[in-house]
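Engineer: Take a look at this one; I'll ask things after.
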Amino acid sequence: MLDSSQLDTVSGVSALAHAELLSGSQASVSIKRRQSILFITSEIADYIKAGGLGEVAAALPRALRHHYDVRILIPGYRQVLSQISDLEEIARLPASFGIPACGLGRGTTQDGLTVYVLLCSELYDRDGSPYVDSFGADWSDNDIRFARLGLAAADIACGNGDPLWRADLLHLNDWPSGLASAYLAWRGQRIPTILTIHNLAYQGNFDRGRLSHLGIPDAAFQINGVEFYGKLSFLKAGIYYSSHITTVSSTYAQEITRPEFGCGLDGLLRTRAEEGRLDGIINGIDASWDPSTDPYLVSRFSAENFRGKRANANTVRKSFGLDLSSGPLFAVVSRLVHQKGVDLAISAAETIVSQGGQIAVIGQGEPRFESELEALAGRHPGSIGVKIGYDEGDARRMYAGSDFLLMPSRFEPCGLSQMYAQRFGSLPIAHKTGGLADTIEDGVTGFLFGEPSLNRFKDAIRRGLETFRSRSRLTTMRRAAMNRPHGWDRSASRYQEVYERACQAALA
């Protein structure tokens, strides 16, 4: 259904690489060339973020840039356009079906990463987050907004975007970019595509009546395609048509092949796992998470000298209206939603306060949880403080000043907060699931509980309180947590392996 008259990419490599492959004697040089990667994302922490994807999109391309010519594609939200000073329009991408035309801008981050930006004010120049308006409601045209992103990615990969560059491989992220691999498949292109699932629960499901508006062939609306329980699913499209699937932890990669975590897609994901096309690669955190250099902290510290933690704790107490105390300080830095187990944290608060502990909470989310937390703070003045919203400085000082981080998520694909907390000497107390199970060693770098129930959570909290009373054990665990490898190097190497396998398969 989509015009492919200008598409000349062969077997998933650029024209230059293809010519080199055909030359025989130069084949080995070709394979070792610096490949071009287009990283497609709906958010990036440099300019705008709604969750962990934004952090990963800022960090992973930078970890890969020494090995690849990696470039980022993102919609031209108002917040993005206002922060890229050297943005220039380099191409016009035509309208297709119900997807409007847009400009393609090119600019750079402060440290020199190339960023492609979709210039379409009717789709992206709005208040709110990338996905919802200022009242928290999904944008009614999200299907068009993110189909535009996927179609642009396919165009760039096929050489119809930047006249001086095309991609050897596309790296898709979550449902907003899921259609990119499908558009390539419908054009008959074998350009390799990697889809990373950051959270399977968000799927981008829309009414089947939108097929023609998005340029989706009717024949693709089936179980072996984009159909998902009578709906059109962007995420399923990405899973079905992409060369390879990754998730953000090895445990989560196993969990999503089971019905209890698979969100209706476990069957397809089991198939991909059996084919060797599903991998779990844990996220890392960037080098700014260092308590010895962090500019947000009122006093810096290290694994060899913890004295600065108390100053940060007292700053947190003052900021959240808590009494000065020598007791344990617990932090909650989270979206306030059911997935994160906020109800469990609320129910466990009495146990913490009765044992002399204090709790500082920052986040926003479901109105009922926001109201319950504010009411809880009202019942325990001086012991529980709550801030609805998010502030980077507050969050970093909370990680630095707290003794424990409460993270009773019912499921957690990777999680970054537990790694931030560990790096800053705060021991996470978390449900043994997903990335939490992969990054927390129970009784060594934090505390895990096996069932997402209040009783099991309270048991883990009591173990934390016992550790707090043993200063030598607390110090040992803090040092182990702070010295745990947290960076991106190992994960970037795993992505390199996946990229290589996908490119080799496309050439087979």
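The values are calculated or read from the model by the stated rules, or taken from the named source; none is laboratory data. Being a predicted model, the structure only gives us computed values, none of them experimental. All Cβ positions, even for glycine, are placed from backbone atoms using ideal geometry, and neighbour counts span all protein chains on display. Keep in mind that these areas ignore ligands, DNA and RNA; they rest on the heavy atoms of the full protein, side chains included. Shrake-Rupley method; radii C 1.70, N 1.55, O 1.52, S 1.80 Å.
Engineer: Name the residue, out of S325, S371, S347, that is in a loop (DSSP other than H, G, I, E, B) and either at pLDDT 95 or above or acidic (D, E) (or both).
Structural biologist: Only one candidate qualifies: S325.
Engineer: Now for a different question. Look at A101 and say whether it is more than 28 Å from Q364 (Cβ to Cβ), over 15 Å from the mean Cα position of the chain (by Cα) and in contact (Cβ under 8 Å) with a residue 12 or more places away in the chain.
Structural biologist: In short, yes.
Engineer: Continuing with the same structure: Does G357 satisfy the condition of being over 30 Å from A201 (Cβ atoms), modelled with pLDDT of 95 or more, open to solvent by less than 40 Å² (accessible area, probe 1.4 Å) and more than 30 Å from the chain's Cα centre (by Cα)?
Structural biologist: Taking the combined requirement at face value, the residue satisfies it.
Engineer: May I pose another question? Kindly provide the set of residues from region 127-155 that are among the aromatic types (F, W, Y) and either in contact with a helix residue (DSSP H, G or I) (Cβ under 8 Å, 6 or more places away or on another chain) or closer than 13 Å to A50 by Cα (or both), ordered by number.
Structural biologist: Within region 127-155, Y131, W139, F146 qualify.
Engineer: Out of N160, N142, I need the residue that is within 25 Å of L232 (Cα to Cα), surrounded by 15 or more Cβ atoms within 10 Å (Cβ to Cβ) and among the polar types (S, T, N, Q). Which one?
Structural biologist: N142
Engineer: What pairs can you find where one residue is in region 479-490 and under 10 Å from T439 (Cα atoms), the other is part of a loop (DSSP other than H, G, I, E, B), and their Cβ atoms are less than 6 Å apart, with a gap of 6+ or different chains?
Structural biologist: What qualifies is A481/T445; R484/T445; H486/I285.
Engineer: How many residues, within region 278-304, are open to solvent by less than 50 Å² (accessible area, probe 1.4 Å), in contact with an Asp or Glu (Cβ under 8 Å, 6 or more places away or on another chain) and closer than 16 Å to S426 by Cβ?
Structural biologist: Qualifying residue count for the region: 1.
Engineer: Taking interchain pairs and intrachain pairs at least six residues apart, which have beta carbon atoms under 6 angstrom, with the first residue in region 182-210 and open to solvent by 20 Å² or more (accessible area, probe 1.4 Å) and modelled with pLDDT of 95 or more and the second hydroxyl-bearing (S, T, Y) and in a strand (DSSP E or B)?
Structural biologist: N205/S233
Engineer: Now a separate question. Being out of contact with any Phe, Trp or Tyr (no Cβ under 9 Å at 6 or more places or on another chain) and either open to solvent by less than 30 Å² (accessible area, probe 1.4 Å) or not in a helix (DSSP H, G or I) (or both) is the filter here, so list the residues in region 305-320 that pass it.
Structural biologist: N305, F306, A313, V316, R317, F320
For (1) open to solvent by 10 Å² or more (accessible area, probe 1.4 Å); (2) among the hydrophobic types (A, V, I, L, M, F, W, C); (3) in contact with an Asp or Glu (Cβ under 8 Å, 6 or more places away or on another chain), each residue gets a yes or a no:
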residue	(1), (2), (3)
I362	no, yes, yes
F369	no, yes, yes
A377	yes, yes, no
D391	yes, no, no
M398	no, yes, no
G401	no, no, no
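Engineer: When you scan region 459-469, do you find a residue that is closer than 21 Å to S334 by Cβ, part of a helix (DSSP H, G or I), polar (S, T, N, Q) and open to solvent by less than 10 Å² (accessible area, probe 1.4 Å), even just one?
Structural biologist: No, because not a single residue in region 459-469 is closer than 21 Å to S334 by Cβ, part of a helix (DSSP H, G or I), polar (S, T, N, Q) and open to solvent by less than 10 Å² (accessible area, probe 1.4 Å).
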